[in-house]
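One structure is given below, encoded as C-alpha cells.
What follows is calculated from the coordinates using simple rules that are stated; it is not laboratory data. Given the structure is predicted, the values throughout are model-derived calculations rather than measurements. Heads up, the Cβs are rebuilt from the backbone with ideal geometry, glycines too, and the neighbour counts pull from every protein chain shown.
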Amino acid sequence: MSLLSNCLFVRQVLYRTGAFSPSTFMNASRLSTVFRYASTNSSAQEQKQNETTPSSADQPIENQTQTEQKSNVDLKQLQEQNAKLTEDANEFKDRYRRALAETENTRVRFNKLVNDAKVFGIQGFCKDLLEVADILNLALANTPQQPSTDITALTKDFNNLRQGLVMTEERMQKIFAKNGLVQIKPNEGDKFDPNFHDALFQAKIPEKTSGTIMQVMKTGYRLQDRVIRAAQVGVAQ
C-alpha cells in the first residue's frame, strides 16, 4: 500500500469516529497533498535514476565492447610497431651486406697495392742500375776480344778497362746512396763493433791491438739505419 492510500485511510477512520473536525480535515488535506507530492516526486526520481543508471544486464556488454575496442587499438599499434621493426631490420641487413662488400673490395684493393709495391717498389732503383749496365757495356765494347801483342796497345786497353770499372763503381755507389744504401767499410785498426761487423776469424797478432780489425774480407751495407749485411772482417786477439 502506498503512502497516499495510508493517508486516505487514516482520514476516513477519523471521520467515522467523529474525531475528524474541519481543521483536522484541512490539515489532513494538506498532509495528503504533501504526501501525494512526495510520492510523485519520489516516483519521478526513481524513474530518472533508472533511466540514467545502466542496468546490470547492459554493463557486461558495454565492458566487453570497450575491451574489444581497446584490444583492436592495441593490436593495430603492435602491427604498426612490427612493420616498423621489420623495415628497420631489413635496412640494417642491407647496410650490413653493403659494409661487407665494401670491406671485401677494400681488402682486394689493399692486397693488390701490396703486391704492386712488392713488384714495382724497386722500379726506380732498377732504372738507376741501368746506367751502371750502360757503363759496363761501353767498357766491354772498347776492350778488344783478343789481347794485343803490342805492349803499348795492351797497356791502353788495360787502362780503358780499368777506367770503365772505376766509373762503374763510382756510379753504382751514387745510385746506392740515392736509394739510402750506404757502405759499411771499416779500415784496418778500427775497433770491432758487433752491430756493424761480422767476425769471420780471430788471430793473435803481436803488433795488432786486441779487439781491433786486422783484415776486411767483404764490405757491408746498410739501408737507412738497418744493417742489410755486416762487414765481414778478421779480428785480432
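Quick notes on this structure:
- Calculated on alpha-carbon atoms, Rg and Dmax of region 76-117 in Å: 18.2, 61
- Taking 0.36 nm per residue of sequence separation and removing the Cα-Cα distance, the I228/N111 pair yields an extension gain of 39.5 nm.
- Straight-line reach from K84: taking Cα to Cα under 25 Å and skipping same-chain neighbours fewer than 8 places apart, the lysines in range are K70, K76, K93.
- Size of charge dipole - region 76-117 - debye, nearest 20, with Cβ of Lys, Arg +1 and Asp, Glu -1, no other charges: 100 debye
- Relative pair counts by distance (%), Cα atoms of region 135-237, 10 Å bins: 15, 28, 22, 23, 12, 0
- Rg over Rh [alpha-carbon atoms, Kirkwood Rh] for region 180-237: 1.01
- Anchor K118: lysines whose Cα lies under 20 Å away (excluding residues fewer than 8 positions away in-chain): K127, K178
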